[in-house]
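Take this structure, written in structure tokens, and hold onto it; I'll ask about it next.
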Amino acid sequence: MMIKTLCDAALSVLNTKDASQKAHHSRAMVELWRDGTLAKVGLTNETPMRPARPDAPILCDPRDMPKRGKAGSLKSKKALLHALAHIELNAIDLAWDIMARFSYLSDENASEGFTLPREFFDDWAKVADDEAKHFLMLNGRMNDFDCAYGDLPAHDGLWESSIKTADDFAARLAVVPMVLEARGLDVTPHMIESMKKFDDDISADLLQIIHDDEITHVRAGTVWFESWCAYHNLDIEITWQDLVQKYFYKTLKPPFNHPSRSEAGLLRQWYEPLMEEEPRNAKKAAT
């Protein structure tokens, strides 16, 4: 495949099957965009509904995923790192998917209505680069424990939000960076503390890098969602809540990492009204 545009690069990454090759290729394609070798966004209607995936890991229903085991054990650590690597692999594809799938909104291609300037594609190229970096870091850390991506099962629920929002640009922003990646901001600090508690500063530092990068990813989603709402003269809070409830869930699970969310541009009055009244595990325990 001749790679002449950013869309060509996106399709080449999305159609790369091997996980590590996908991550390395993602970083290489971003560098071509940054140095100007790829000067145009381009246009495509060939974005796959599902990206290419390696034969392993086995993908399970989320309800059928095995328990990670006792906190602090090597088994638990491997399972956590593997689960995070799976998330990052999906995140690589999600970043390239939004650039290709909504390339028709590029100001190269759209002469009227809401358009996306080059800065949008710069932002998501950075996301694609960061997610690839995260995957390679996590896989490398697993290698330290004689483990690699694909050795453990994973679940296939992560791509569902992409499919649900394939035809709605605003919904994609509302759900993927502003809900799913924001959830990462909520849970990662606890993982970092757990790693430190069990004297694994290497993994803790790795997770801190991921957390800090994810703030910029959520912020990119927030900025462009605000831009879309401003163009259409829509209330940001109400529009975001409506899209989340339509394409994701009616409620969001606390606790929330308010400082990191605020740094990413997410306001408490947006997400707190969607907070579930009690944690789902508490409801389950009560039944």
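FYI, it's all coordinate maths here, none of it is from the lab. Computed from a predicted model, the values in this text were never measured in an experiment. Quick reminder, even Gly has a Cβ in these numbers, built from the backbone with ideal geometry, and neighbours come from all protein chains shown.
Relative to the Cα centre, what is the charge dipole magnitude of the chain, using +1 at the beta carbon of each Lys and Arg, -1 at the beta carbon of each Asp and Glu, and rounding to the nearest 20 debye?
Here the size comes out at about 900 debye.
Ok, one more. Just name one of Phe114, Gly150, Met99: the one whose Cα is farthest towards the positive end of the charge dipole of the range 38-151 (beta-carbon charges, Lys/Arg +1, Asp/Glu -1).
The listed residue farthest towards the positive side: Gly150.
OK, next. Please list 3J(HN,Hα) in residue order for the range 267-272, calculated via the Karplus relation 6.51 cos²θ - 1.76 cosθ + 1.60 where θ = phi - 60°; whole Hz, with x for glycine and proline.
8, 4, 5, 7, 9, 5
Exposed loop sites here are trypsin sites (Lys or Arg not before Pro) in DSSP loop states with at most 11 other C-beta atoms within 10 Å. What is the longest stretch of the chain lacking them?
71-249
At a Cα cut-off below 19 Å, give the lysines reachable from Lys17, other chains included and same-chain residues fewer than 8 away excluded.
Answer for Lys17, where 19 Å is the Cα cut-off: Lys133, listed by chain and number.
Would you please name the GluC sites (Glu not before Pro) within the range 62-152 that are DSSP coil residues with at most 14 other C-beta atoms within 10 Å of their C-beta?
Glu112
Also, I was wondering about something else. How much net charge surrounds Trp270 when only the other residues with a Cβ under 13 Å from the Cβ of Trp270 are counted, with Lys and Arg +1 and Asp and Glu -1?
Combined, the nearby Lys, Arg, Asp and Glu give -3.
Determine the relative contact order of the chain: mean sequence separation of Cα pairs under 8 Å and six or more apart, normalised by residue count, in whole percent.
Here the relative contact order equals 18 percent.
How would you classify the range 92-223 from its alpha-carbon gyration tensor, with a ≥ b ≥ c the square roots of the eigenvalues: rounded for a/c under 1.5, else prolate if a/b is greater than b/c, otherwise oblate?
Cα axes put the range 92-223 in the prolate bin.
Let me ask something else about it. With unit charges on the beta carbon (Lys/Arg positive, Asp/Glu negative), name the residue among Gly265, Ser76, Leu14 whose Cα is farthest towards the positive pole of the charge dipole of the chain.
So the residue we want is Ser76.
Let me check I've understood the local charge: for Lys133, count other residues with C-beta under 10 angstrom from its C-beta, Lys and Arg +1, Asp and Glu -1. What total comes out?
In short, -4.
Rounded if a/c is under 1.5, else prolate if a/b beats b/c, else oblate: with a ≥ b ≥ c from the C-alpha gyration tensor eigenvalues square-rooted, which is the range 1-111?
In terms of gyration-tensor shape, prolate.
Right, here's the next one. For the chain, what is the calculated [θ] at 222 nm in deg cm²/dmol (nearest 500), taking -39500 (n - 2.57) for each run of four or more DSSP H residues and dividing by its residue count?
-19000 deg cm²/dmol
Is there a quick way to get the dipole size of the range 144-287? I mean about its Cα centre, with the Cβ of Lys and Arg at +1 and of Asp and Glu at -1; what is the value in debye to the nearest 20?
640
Which whole-Hz couplings ³J(HN,Hα) result when phi for each residue of the range 130-146 is put into the Karplus expression 6.51 cos²θ - 1.76 cosθ + 1.60, θ = phi - 60°, listed in order with x for Gly and Pro?
After applying 6.51 cos²θ - 1.76 cosθ + 1.60, I find 4, 5, 5, 4, 4, 4, 5, 5, 5, 5, x, 5, 4, 4, 4, 10, 6 Hz.
Grab the other residues whose beta carbon is less than 15 angstrom from that of Asp35, score K and R as +1, D and E as -1, and report the net.
+3
Another question, if that's okay. For the chain, rounded, prolate or oblate, judged on the Cα gyration tensor with a ≥ b ≥ c (square roots of eigenvalues), a/c < 1.5 rounded, else prolate if a/b > b/c?
oblate
In whole percent, what relative contact order does the range 49-185 give with Cα contacts below 8 Å and a gap of six or more residues?
37
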